[in-house]
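The values are calculated or read from the model by the stated rules, or taken from the named source; none is laboratory data. The structure displayed is predicted, hence computed values, not measured ones. Because the Cβ atoms are built from the backbone with ideal geometry, glycine has one as well, and the counts that use them run over all protein chains shown.
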Amino acid sequence: MSKFRPTLDAVVLAAATGILVLGISAPAARADQPFLQPDSLVVSSSTYDRSQGAVASLTIGTTLPDTAEATTQAIADNSYVTVWNNATVDASFGVTSPILLSDIEPHDGHVFQAIHVPTDQVVTSFSSKSELGLHLAWSWRGPQLVFVGYGTAGVGALDVSNSDAVAGQDPTNPVTFAFGSQYAFHRTIVSLDTDGRFSYTPTIDYGGNNGRSALLAANGLYYAVGNANNGNADTFGPNGTNPDVTETTGLEVVTPIDAASAFASIPANDSAEVDPLLQYPLGKGGALDKPGKDNNYRGVTEFGGALYFTKGSGSNGMDTVYTVSTLPTVANAASTTISVVPGFPTDSARATGGDFTPFAVFFANPTTMYVTDEGSGDSTDVSEHAGLEKWSLVSGTWQLDYVLTNGLIGVVDTDLYGYDGQYPNVTTVGLRNLTGVVGADGKVTLWATTSTSSASGDNGADPNKVVRITDELSATTMTAAVSQEAFSVVAGPTYGTVYRGVAYVCGGFLDQSGVCHGGAGWQDRNAQR
């Protein structure tokens, strides 16, 4: 008789309530059944917890950051349904929450193992939709899972995602103004091995905003992406910061510390920004962009010895897919050039108004790239980009083949009831993080987390989903067969829970470019689905 395993939705619900749900609790990694099993899918998720930290006493009228000159009062208490409305009066509003990593069967969502990240070490910001991207690194020790969180903040802290990374870093930051100069939390790169052991690399980076994703490259260095600057900091002049938030943002090279605790001290010169002068100072109408915000990257991947990463939000810089052709070091990061991938947009984000919002990148081979688009609501983005884009390399330039949207865009989830009542209806508008595997049958299977729209004050807090789709690798046009491809739901939506990152654990073989080709177990399950 096969062993019964709970679904991911049931496990995150059990983790949220702290009680058994139909006899189900979150399974923990054991020595005889290691985490990161071959041919499995790892999902990062977080569940809102109003019982701990400052959010436990949040009421209407609680002081929140607003601007560097004044503070404002909360317009909602800590109810999951309404707490996010505080973002409408406080642009820095957020609540930290625990991180759950679940190793699941990639087709039916049943959970092999689940690990709670120690909350006294690292947490995430619940409504920060671009956080908790997952990446796997491979070494003689086996796979290692890498992601970014906030070190030592604890659960239930307010506005951590817009706090400084180092105490006293930016006196113009409204979070510093409201909570004090010591209210700072290192953006910390976390690595997890198959035995469930965590190691931590705190950084000085992304002060005033969030670290989003990190990977461990073949050269032994971490590469992280994120954003910085929540105040009036500029590169030079009276509003300069220490460390400079305009040079601790974007694509960062980080030397691993891999300490046993997130409380470890940060060595001097442990990280450096790649191409720190990549700023686009003039936007629509000649208005100046905010320093640091141009380097507002979200997804990152390594392929064929190069890095690829995206910018898809903010009304500054260019929303597009970028690359560096070789892996930079801390020493040469500043002199390494970032360029737009040939064929991708080079328009000013201010001029286009968000008609292209890329998030994550997956290569199926050297000439086939999949890019998720989050969906901004812009009419061009909705009609031409939102969903899963497939690009082909033709004569050195990438061209868009088609966008997969069937069973995804416009799907509305209703009746989202829970402990605080009914959450507003949630509509799927696009995709965020992405992973995949190439099969021997000429098909590629991809998993992604969804982006959403709702009447909530912060759509990043919407219950979203993990979805899957299979595509014909050789197809370059929207044929009848391609048009029938449809997304299916692996997990979610789950009340009070957000799904963030996905990573496929390769059980077959990795080719020279780092693409996973499915093993025998994968082929059997894929044929039976």
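Does Ile19 satisfy being at pLDDT 95 or above and either of a type in the set (Val, Ile, Thr) or under 23 Å from Leu132 (Cα atoms) (or both)? The answer is no for Ile19. So is Thr320 free of Cβ contacts under 8 Å to residues at least 40 places away in the same chain and either surrounded by 24 or more Cβ atoms within 10 Å (Cβ to Cβ) or within 18 Å of Glu374 (Cβ to Cβ) (or both) or not? It is true that Thr320 is free of Cβ contacts under 8 Å to residues at least 40 places away in the same chain and either surrounded by 24 or more Cβ atoms within 10 Å (Cβ to Cβ) or within 18 Å of Glu374 (Cβ to Cβ) (or both). Being at positive phi and at pLDDT 95 or above, is that true of even one residue in the stretch 375-394? Yes, the conditions are met somewhere in the stretch 375-394.
Against the conditions (1) surrounded by fewer than 20 Cβ atoms within 10 Å (Cβ to Cβ); (2) under 19 Å from Phe93 (Cα atoms), Arg197 satisfies every one except (2). Tyr206 meets the conditions (1) part of a loop (DSSP other than H, G, I, E, B); (2) closer than 29 Å to Phe112 by Cβ in every case but one. The failed one is (2). Scan the stretch 83-135 for residues that are assigned to a strand (DSSP E or B), surrounded by fewer than 22 Cβ atoms within 10 Å (Cβ to Cβ) and touching a Leu at 6+ places or on another chain (Cβ under 9 Å) and the total you get is 3. Residues in the stretch 176-197 that are in contact with a Gly (Cβ under 8 Å, 6 or more places away or on another chain) and of a type in the set (A, V, I, L, M, F, W, C): Ala184, Phe185, Ile189, Val190.
If the condition is being of a type in the set (Ser, Thr, Tyr) and in contact (Cβ under 8 Å) with a residue 24 or more places away in the chain, then the stretch 464-491 contributes Thr470, Ser474, Thr476, Thr477, Ser483, Ser488.
May I ask you to verify whether Ser392 is among the hydroxyl-bearing types (Ser, Thr, Tyr) and either touching a His at 6+ places or on another chain (Cβ under 6 Å) or assigned to a strand (DSSP E or B) (or both)? Answer is yes for this residue. Of the residues screened, Val117 is not one that is among the β-branched types (Val, Ile, Thr) and touching a helix residue (DSSP H, G or I) at 6+ places or on another chain (Cβ under 8 Å). Residues in the stretch 401-422 that are surrounded by 15 or more Cβ atoms within 10 Å (Cβ to Cβ) and over 30 Å from Ser40 (Cβ atoms): Asp420 alone.
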